[in-house]
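The values are calculated or read from the model by the stated rules, or taken from the named source; none is laboratory data. Quick caveat, the model's predicted, so the values are computed rather than measured. Here the Cβ is made from the backbone with ideal geometry for all residues, glycine too, and neighbour counts use every protein chain on show. Ligands, DNA and RNA are stripped out before the accessible areas are found, and what is left, the full protein with its side chains, is counted by its heavy atoms. Shrake-Rupley method; radii C 1.70, N 1.55, O 1.52, S 1.80 Å.
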Amino acid sequence: MGQADHVLAIDQGTTSTRAILFDAEARAVAIAQRELTQHYPARGWVEHDPEQIWQDTLAVVREALGAVELGRVAALGITNQRETVVVWDRSSGEPIHRAIVWQDRRTADECARLESEGAEGLVRDHTGLLLDPYFSATKIAWILDNVAGARERADRGELACGTIDCFLLWRLTGGAVHATDATNASRTSLFDIRRQCWDSELRRLFRVPETLLPEVHDTSHVFGTTAPGLLDRQIPIAGMAGDQQAALFGQACFSTGMVKSTYGTGCFMLVNTGAEAVTSQHRLLTTTACRLGGKPTYALEGSIFVAGAAVKWLRDGLHVIADASETDSLATRVPDSHGVYMVPAFVGLGAPHWDPDARGAIFGLTLDATAAHLARAALEAVAYQTFDLMDAMAGDGAHPSAMRIDGGMTANVWLCQFLADVLQLPIERPQNLETTALGAAFLAGLATGVWSGLEAVSACWQRRDCFTPAMDSGRRARLIDGWRAATAKILSKS
């Protein structure tokens, strides 16, 4: 039997569930994937079936593990779509409702009510977050209030809740472990990020019983082992982090001031602020980036709700493209967007606007606008929204020398160059774009000795490309002015 020098990462995302097996050089040696069904039961509502997530997870784990002898797998790590929440029965493990997804806006009115009563200051001070339906607490309360008997059962200690990492850990351990990590806990609106514990004032505010909540551990920690008989061998589950914090870790952004931006369904930019939980003056979030040895590292985060989802809409909603990869060639086919701006506020706007009632729009259409112009406008919108985040971060004192990028959209070379031009910043694309899964693998491997420390992890990161700014400053200014004018027209609070 060979040395235990491989780590399996479960990457449970918004649109798919994947398992990636990494070796000690951080190379992906096996990938398995299943697409996840999206459920839209009402306007602004988004749900996932937790049982599908579990069955898909089990299937992709078993498939990826088939690439090596099981004895060579040292540990398993989990990274997940954050804020998406499940409530389940402690006895049977069965969910009492579909998972409510981070994109879901059903609790917007409840958040507005709490804000009108002056609650946002408490939430902001303790959690680093804003009052928004994006986060988990109001989703949990909604399930308790809308599933018959759920609140009474929760009060009796019969129910458990958690983000997707927590639900998968429960299932993987056969119900033996109900726990999460500090990064996922910090996205619930129930966790004090400075004291690193569940907060009783917030639990009362959001009406979430303590009996529901999991234990909170470090991001690199042996949470438990897989249940006997689930796999051919029991494997330690030794790392967990929300997807964006995992990507920050996978990009080896360990020094204060380093920044990464991930482009998938949405876009999420995080800048490492070290041991200081910086309070943003520009409506960015303060969040736990990781916790090692009981010591938290913090980050400022900007969240864009729609990035790749806009391209998916062009494909599935408008049918103007057949495949997302076409956007690269379409964008280069035309000299510019022909004055077309897409503001993809399909589920409201995230940072720095935080407007759940904003809705998407396309401006500047003429009879000679084509599919190529729409595709280019969708890609440009990703860069413009990133500019808004970077501008806010600069206002909070973050001035990175470069930005590391990852996620499926970064395979698009045109987008990478446009990002560099709009941000006026070098854009670094790594050799391994699977940085979210890699971050989970690094965390699990650190806890089990596959990597000796952060220096060994950093040595695994390699840059593939660097895109440098090349756009004329006057043209850049005109494009940004056009974007700002378009955005101003769709804000509900303007």
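Normalised per residue, the accessible area of the chain is 36 Å², obtained with a 1.4 Å probe and no contribution from ligands, DNA or RNA.
Placing a label point 7 Å from the Cα of residue 489 along the Cα-to-Cβ direction, the residues of the range 364-398 whose backbone N falls under 12 Å from that point are 364-366.
The range 53-207: percent of C-alpha pairs farther apart than 27 Å? Result for the distance tail: 27 percent.
Couplings for the range 132-137, taken from phi via the Karplus curve 6.51 cos²θ - 1.76 cosθ + 1.60 with θ = phi - 60°, read 8, x, 3, 8, 7, 4 Hz in order; Gly and Pro are left as x.
Considering every alpha-carbon pair of the chain, the percent of pairs per 20 Å bin, from zero through the bin containing the longest distance, is 25, 59, 16, 0.
Per-atom-type breakdown for the range 140-218 gives carbon and sulfur 46% of the accessible area (1.4 Å probe, protein chains only).
Contact order, relative form, for the chain: 15 percent (alpha carbon pairs under 8 Å, 6 or more residues apart, mean separation divided by residue count).
Can you give the Rg to Rh ratio for the range 30-97, taking only C-alpha atoms and Rh from Kirkwood? Write out the running numbers ahead of the final one.
Values: Rg = 15.0 Å, Rh = 14.4 Å.
On the Cα set of the range 30-97, Rg over Rh gives 1.04.
In this structure, the amide hydrogen of residue 221, modeled 1.01 Å from its nitrogen in the peptide plane, lies closer than 5 angstrom to those of 239, 240, counting only residues at least 5 positions away or on a different chain. In a Debye calculation with equal point scatterers on the alpha-carbon sites of the range 74-138 and no solvent, what is log10 I(q)/I(0) at q = 0.21, 0.24 Å⁻¹? With no solvent term, the Cα-only Debye profile gives -0.93, -1.03.
Based on a Kirkwood Rh over C-alpha pairs, give the Stokes-Einstein translational diffusion coefficient of the range 356-482 at 4 °C and viscosity 1.567 mPa s in µm²/s.
76 µm²/s
Here the scattering of the range 1-142 is modelled by Debye summation over its C-alpha atoms, one equal scatterer each and no solvent; at q = 0.17, 0.19, 0.22 Å⁻¹ the log10 of I(q)/I(0) is -0.95, -1.05, -1.21. Pairs from the table (260/295; 139/295; 139/260) lying more than 26 angstrom apart at Cα are 139/295; 139/260. Two numbers describe the Cα atoms of the range 428-494: Rg and Dmax, which are 20.4, 53 Å.
Backbone geometry of the range 427-434 corresponds, through the Karplus equation with coefficients 6.51, -1.76 and 1.60 at θ = phi - 60°, to 3J(HN,Hα) couplings of 10, 9, 10, x, 4, 9, 7, 8 Hz, x marking Gly and Pro. Put simply, the amide H of residue 273, placed in the peptide plane, has neighbours under 5 Å in 257, 298, 299, 300, leaving out anything fewer than 5 places away on its chain.
Please report, as a whole percent, how much of the solvent-accessible surface of the range 288-346 comes from carbon and sulfur atoms (probe radius 1.4 Å). Carbon-and-sulfur percentage of accessible area, whole number: 55.
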